[in-house]
Amino acid sequence: MSNELEPIKVAVSPQERFGDFLQSRGMRQTEQRKNLLNLVFSEHEHFDADQLLERLPSKGELGYVSRPTVYRTLGEFVDAGLLRKFELDGRSVYEHDYGYPEHDHFYCTKCEQLIEFQNAQIADLTAELARTHNFQVRSYRLIIRGICEDCRRSRRRVRRKVDLI
């Protein structure tokens, strides 16, 4: 199973979409917003605000963005349909929504890794259940919690001499 989802073709770039969003709200496209958008879309990964802040320049450096601006701008990215936000163990986690297909996740409760996957059977089952209950699905979030292979391997107990007695 691959961790990488193939991006889907979109009509406009995330930068253009966000520019249109800001214009529709009468808001300015600031350098801080541009820098954050470029950083967030420079690679596809799940992150929380603190992880994003760690990747930004420190106060006094060129390109610095304050903590409140990061939180406010992340909310704008969600409102613009660029990012999806969900709660995971008491923290807000963000992932790309624009330009990426619907997918589900495995979540390792030990190392906190999120593993993305797509499964046609889950999508079909969701659609079937919706039809059965006369329900129109707008979105859903499936996160299966457990322990990843790497963490399971590291948990294996080391045999000590005292255990051999």
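Here is how the numbers come out for the structure above:
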{"quantity": "One residue from Gln23, Gln32 being touching a residue at least 40 places away in the same chain (Cβ under 8 Å) and polar (S, T, N, Q)", "calculated": "Gln32"}
{"quantity": "For Gly26: the one exception among (1) surrounded by 15 or more Cβ atoms within 10 Å (Cβ to Cβ); (2) part of a loop (DSSP other than H, G, I, E, B); (3) small (Gly, Ala, Ser)", "calculated": "(1)"}
{"quantity": "Filter result (farther than 27 Å from Val12 by Cα and not assigned by TED's automatic domain parsing to the domain that holds Phe47) within region 90-114", "calculated": "Phe106, Tyr107, Cys108, Thr109, Lys110, Cys111, Glu112, Gln113, Leu114"}
{"quantity": "Selected residue [of a type outside the set (Ser, Thr, Tyr), in the same structural domain as Asn35 (by TED's automatic domain parsing) and in contact with a His (Cβ under 8 Å, 6 or more places away or on another chain)] from Leu83, Leu62, Leu56, Leu142", "calculated": "Leu83"}
{"quantity": "Residue in region 113-128 that is more than 30 Å from Leu36 (Cβ to Cβ), not in a helix (DSSP H, G or I) and not acidic (Asp, Glu) present", "calculated": "yes"}
{"quantity": "His103 being surrounded by 14 or more Cβ atoms within 10 Å (Cβ to Cβ), under 23 Å from Arg145 (Cβ atoms) and in contact with a helix residue (DSSP H, G or I) (Cβ under 9 Å, 6 or more places away or on another chain)", "calculated": "no"}
{"quantity": "Some residue of region 51-62 being out of contact with any Leu (no Cβ under 8 Å at 6 or more places or on another chain), part of a strand (DSSP E or B), under 30 Å from Ile115 (Cβ atoms) and not aliphatic (A, V, I, L, M)", "calculated": "no"}
{"quantity": "Residue match in region 70-89 (condition: surrounded by fewer than 12 Cβ atoms within 10 Å (Cβ to Cβ), assigned to a loop (DSSP other than H, G, I, E, B), modelled with pLDDT under 95 and out of contact with any Phe, Trp or Tyr (no Cβ under 9 Å at 6 or more places or on another chain))", "calculated": "no"}
{"quantity": "Any pair with Cβ under 7 angstrom, 6 or more apart, that starts in region 131-150 at a residue that is closer than 21 Å to Glu95 by Cα and ends at one that is aliphatic (A, V, I, L, M) and not in a strand (DSSP E or B)", "calculated": "Val137/Ala130; Leu142/Ile122"}
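The values are calculated or read from the model by the stated rules, or taken from the named source; none is laboratory data. Predicted model only: the values in this text are computed from it and were never measured. Here the Cβ is made from the backbone with ideal geometry for all residues, glycine too, and neighbour counts use every protein chain on show.
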